[in-house]
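Read through the structure below, which is laid out as structure tokens, and then see the notes.
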Amino acid sequence: MQIMFSVEPYSVPLVCGISPFFPIFLKYRKGHTESKLLNSSYHPVRCNRVKDYYDSTIRSFSSPFENSMVHPSGLENREELSREGCNDLLCELCGWGDTDNAMLLLARMEAVGFRPNATAYICLITALGNVGRTLEADAIFQDMIRLGFKPRLNVYNVLLKCFLRKGLLRVAGKVLEEIDYLGIRKNQETYEILLDYCVHSGRLEDTWTIIGEMRREGFQLNSFVYSKVIRLYRDNGMWKKAMGIVRQIKEMGISLDKKIYNSIIDTFGKFGDLGEALEVFEKMQEEGIKPDITTWNLLIKWHCNSGYLDHALELFAKMQEQGLYPDPKIFSMLISRLGEQGKWDIIKKNFENMKCRGHQKSGAIYAVLVDIYGQYGRFQDAEECVNALKAEGIQLSASIFCVLANAYAQQGLCEQTVKVLQLMEAEGIEPNLIMLNVLINAFGISGRHLEALAVYHCIKESGISPDVVTYGTLMKAFIRAKKFDQVPVIFKEMESAGCTPDRKAREMLQNALMVVEQRHI
């Protein structure tokens with residue numbers, strides 16, 4: 001057994017079937033006689049939905065192209081398409097994000113003996129992965145392999161990103177095994193995908209292992225890498241080390257770009273230095289770097305968390321003046337804080353200003369959020385909410401479902417949160433770790449810690465690896481339920497699973513231990 005990145009594996013035991021990150025995720029065997037990815041036990045589940053598309057299409061259409069296809073952009077197909085025309089249309093549908101029609105077109109192509117070309121396959125896999133339809137993306141990939149195509153690294157990178165986004169470390173590990181088996185050299189993007197996952201899931205040692213491997217392989221540590229390192233230090237409470245990285249970057253003569261600036265603003269914001277964050281914000285503009293939606297979101301987020309709602313609203317208005325659409329997640333946070341203070345007149349005023357700026361279509365999402373947080377009643381049923389968004393032509397995605405679920409969760413509406421999850425699955429979008437974390441939070445807010453624990457076990461049984469947010473949210477649920485003695489147990493599981501506890505997790509542990517100690521006195 002050999003570790004792909006030349007480091008010693010952790011000497012920690014398996015926790016409830018979830019192994020530490022590198023021994024499973026980044027290992028491979030020498031002397032493969034066949035592809036491990038093609039023989040994954042994950043595969044039998046995923047082909048059903050694609051087969052359903054094929055079967056229903058063959059039953060429904062006597063001639064695969066006799067019905068016209070109309071897309072919102074105005075493209076119409078009233079004639080039988082050629083093989084090349086089908087491939088071009090398939091790529092266009094994927095570009096529009098219309099995965100349903102893309103899959104329908106694929107089924108029609110199959111019905112008349114047409115096969116997508118390599119470009120069409122890549123477009124379809126990418127489009128399905130982007131909307132969380134991981135099983136279908138992998139099934140299409142398998143079809144591509146069976147037909148004799150030899151995917152390049154970019155296709156494997158798409159799959160790797162899909163699986164990691166959902167937290168499927170074992171299957172992601174098989175993608176890496178396949179890359180090694182075929183002798184394909186990983187590129188900068190591959191390492192950045194791994195790095196992004198490690199930082200987001202709180203895996204400190206694994207992050208440094210990847211960075212060390214990048215150096216050995218001669219890859220440039222760019223702004224993306226440095227921004228992730230800054231975030232990693234920040235999340236672990238090492239504020240001075242995060243700022244030390246910034247000094248190192250300057251000493252090396254590397255120009256600070258948008259990613260670096262955003263990481264610095266995020267660091268200052270998390271530690272309450274909003275004045276410093278705003279100074280960095282002004283400095284980046286002086287240097288000709290235009291703030292993006294991430295920059296504005298970070299400033300609004302940390303001002304909200306610190307209780308400076310007036311400043312947050314000013315930033316919110318300035319962002320829209322720059323022509324940027326508000327992020328639904330940030331909008332939810334803003335109206336949630338205002339709602340706690342009963343300032344619904346301010347919410348209404350800001351929402352009307354948004355509509356006046358021409359955000360009608362996207363405004364449907366914000367209208368739903370205002371209704372849920374305001375408890376007005378119109379969209380207190382998740383199904384009515386989703387139907388209203390569909391009626392407005394909103395392209396539903398995993399991100400939108402997560403925003404809606406979180407809105408219901410914050411109101412303690414567990415049943416509606418669960419219903420959002422069910423509606424998400426009905427749309428063919430697989431629940432990811434973010435959605436399941438939201439569900440744990442919903443049960444925790446409602447004081448239903450046993451149901452929160454059940455979701456946690458469901459995550460592990462489904463092959464998804466919990467991250468630092470999962471464990472932190474579960475700890476919070478048990479603290480709300482006054483089950484303080486269970487918090488150290490969850491904390492220990494988090495460490496055993498390879499997740500580095502963040503500052504909040506450590507604080508919750510200390511508080512729980514203090515309560516337990518006082519009870520014994």
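Restricting the calculation to Cα positions, tell me the Rg (one decimal) and the Dmax (whole number) of region 276-378 in Å.
13.9, 48
Mind computing the radius of gyration and Dmax over the alpha-carbon atoms of region 171-322? Å is fine for both.
My reading of the Cα-based Rg and Dmax gives 17.4, 56 Å.
Quick one: pull the percent of accessible area on region 256-330 belonging to carbon and sulfur, 1.4 Å probe, ligands and nucleic acids left out. Provide the component values of the computation, followed by the final result.
On the way: 1600 of 3420 Å².
Accessible surface attributable to carbon and sulfur in region 256-330 totals 47 percent.
Grab region 416-520 and count how many Lys pairs have their alpha-carbon atoms under 24 Å apart, sequence gap of 8 or more, or different chains.
Count of close lysine pairs: 13.
Using the Kirkwood formula over every pair of different C-alpha atoms, what hydrodynamic radius in Å results for region 416-520?
Numbers: mean 1/r = 0.0707 Å⁻¹.
14.1 Å is the Kirkwood radius here.
With a cut-off of at most 12 other beta carbons within 10 Å, and DSSP calling the residue loop, which trypsin sites (Lys or Arg not before Pro) in region 102-159 qualify? Please list them.
Values: sites: R108, R133, R146, R152; in loops: R133, R152.
Here the sparse-neighbourhood loop sites are R152.
Using the Karplus curve 6.51 cos²θ - 1.76 cosθ + 1.60 with θ = phi - 60°, work out ³J(HN,Hα) for each residue of region 99-114 in order, rounded to whole Hz, and write x for Gly and Pro.
6, 4, 5, 5, 5, 5, 5, 4, 4, 5, 4, 4, 5, 9, x, 7
What's the center-to-center distance, using Cα atoms, between region 140-171 and region 501-521 in Å?
Distance between centres, Cα-based: 43 Å.
What is the diffusion coefficient of region 82-184 in µm²/s, taking the Kirkwood radius over Cα pairs and the Stokes-Einstein relation at 37 °C with a viscosity of 0.692 mPa s?
On the way: Rh = 13.9 Å.
Calculated translational D: 237 µm²/s.
Carbon and sulfur together cover what percent of the accessible area of region 118-211 at a 1.4 Å probe radius? Don't jump to the answer; show the numbers that get you there.
Details: 1600 of 3040 Å².
C and S atoms contribute 53 percent here.
Per-residue accessible area for W96 at 1.4 Å probe radius, Å² rounded to 10?
Looks like 90 Å² after rounding.
Round to the nearest 10 and report in Å² the accessible area of S82, as given by a 1.4 Å probe over the protein chains' heavy atoms.
60 Å²
Measure off 7 Å from each Cα along the Cα-to-Cβ vector at E384 and A426, then give the distance between these two points in nanometres to one decimal.
Using points 7 Å along Cα→Cβ, the separation is 1.5 nm.
Which ³J(HN,Hα) values, rounded to whole Hz and listed in residue order, are derived for region 399-414 from phi using the Karplus coefficients 6.51, -1.76 and 1.60 in 6.51 cos²θ - 1.76 cosθ + 1.60 with θ = phi - 60°, glycine and proline given as x?
4, 5, 4, 5, 4, 5, 4, 5, 4, 5, 4, 5, 8, x, 8, 4
For region 224-329, state which GluC sites (Glu not before Pro) are in a DSSP loop and have at most 16 other beta carbons lying within 10 Å of their beta carbon. Don't skip to the end; give the middle numbers.
Numbers: sites: E251, E276, E279, E282, E286, E287, E314, E321; in loops: E287.
Loop-located and lightly packed - E287.
Once phi is turned into ³J(HN,Hα) by the Karplus curve 6.51 cos²θ - 1.76 cosθ + 1.60 with θ = phi - 60°, what whole-Hz value does each residue of region 179-188 show in order, with x for glycine and proline?
Once θ is set to phi - 60°, the couplings for region 179-188 become 4, 5, 4, 7, x, 7, 7, 5, 10, 4 Hz.
Let me check something: with ligands and nucleic acids excluded, how do K166, K482, K476 order by accessible area (1.4 Å probe), largest to smallest?
K482, K476, K166
Beyond 20 Å, what percent of the Cα pairs of region 366-441 remain?
On the way: 558 of 2850 pairs.
The calculated P(r) of region 366-441 puts 20 percent of pairs beyond 20 Å.
What lysines does K348 reach when the alpha-carbon gap must be under 19 Å and sequence neighbours fewer than 8 apart in one chain are set aside?
Partners found: K318, K329, K361.
The values are calculated or read from the model by the stated rules, or taken from the named source; none is laboratory data. Computed from a predicted structure; not experimentally measured. Using ideal geometry, Cβ is built from the backbone for each residue, glycine included, and neighbour counts are taken over all protein chains shown. Only protein heavy atoms, including side chains, enter the accessible area calculation; ligands, DNA and RNA are left aside. Shrake-Rupley method; radii C 1.70, N 1.55, O 1.52, S 1.80 Å.
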